[in-house]
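One structure is given below, encoded as structure tokens.
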Amino acid sequence: MLTVKFEGLEAVKRTLEKLPQEMRDKAIRPAINKVAEKARAEINRAITQEFAVKASEVRNAVEIRKARGDKLEAVISIFGSSRKIGRSLNMIHFLAAVQAAGQAFKVRGKKLTKADRAALQQQLGFLIKKGGGIKKIEGAFLGNKGRTVFIREGKGRLPIKPLQVIGFSQMFNSKRISNRVIQKINDDLPIEVDRAIKMLIGKGLL
């Protein structure tokens, strides 16, 4: 969870302090909500640039509770999956290739090299981080009509369990991504507050 609220920004605060409280809130509230929208877009860009996931899936895993009334903060919630349940994703999201009879017949996001094909050896291949190589997981197999990757828990045919990996919320919590988004918020907030003040002045409300 990420909270966008008005704090710091001393130069902008000095400008706002000259305004009546009602007008001050009218300037801050839309600025916070605009920055929250920009932060959501930045989360989407940052995660999809780092990890081999779809932008649409990331978008559906992020929700914004906007600033309303006298609550001058917006809350951005990042869920583990686009279904907004659990903290992790099934490995099906990272399935890059299926090797069978020496031929790779499903590829997503990466052109397979000879080394990749040799490494697969009739296994499922996964691409988790962009720029990384195709990885295989011993014993992983497709089930649920090809919608889920499973792995056996023991040596027998059963029991089996879904094979999970980190979810979107955990991806966001990596320092490189979270710091990038927080920096975006800090950079954009004074710009949007100033823009909101000018808009109110243009409408003759200040």
Do we have Gln183 as within 19 Å of the chain's Cα centre (by Cα) and either of a type in the set (Asp, Glu) or under 15 Å from Leu2 (Cα atoms) (or both) here? yes
Lys129 is checked against (1) outside the structural domain of Pro30 (by TED's automatic domain parsing); (2) surrounded by 13 or more Cβ atoms within 10 Å (Cβ to Cβ); (3) at pLDDT 90 or above and fails just one. What number does that condition carry? (2)
Looking at the structure I just gave you, is Glu37 in the same structural domain as Ile197 (by TED's automatic domain parsing), closer than 28 Å to Lys129 by Cβ and either touching a residue at least 40 places away in the same chain (Cβ under 8 Å) or part of a loop (DSSP other than H, G, I, E, B) (or both)? no
Tally, over the range 149-206, of residues that are of a type in the set (Val, Ile, Thr), out of contact with any helix residue (DSSP H, G or I) (no Cβ under 6 Å at 6 or more places or on another chain) and outside any helix (DSSP H, G or I): 3
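The values are calculated or read from the model by the stated rules, or taken from the named source; none is laboratory data. Quantities reported herein were computed from a predicted structural model and do not represent experimental measurements. Cβ sites come from the backbone with ideal geometry, for glycine too, and all protein chains shown count toward neighbours.
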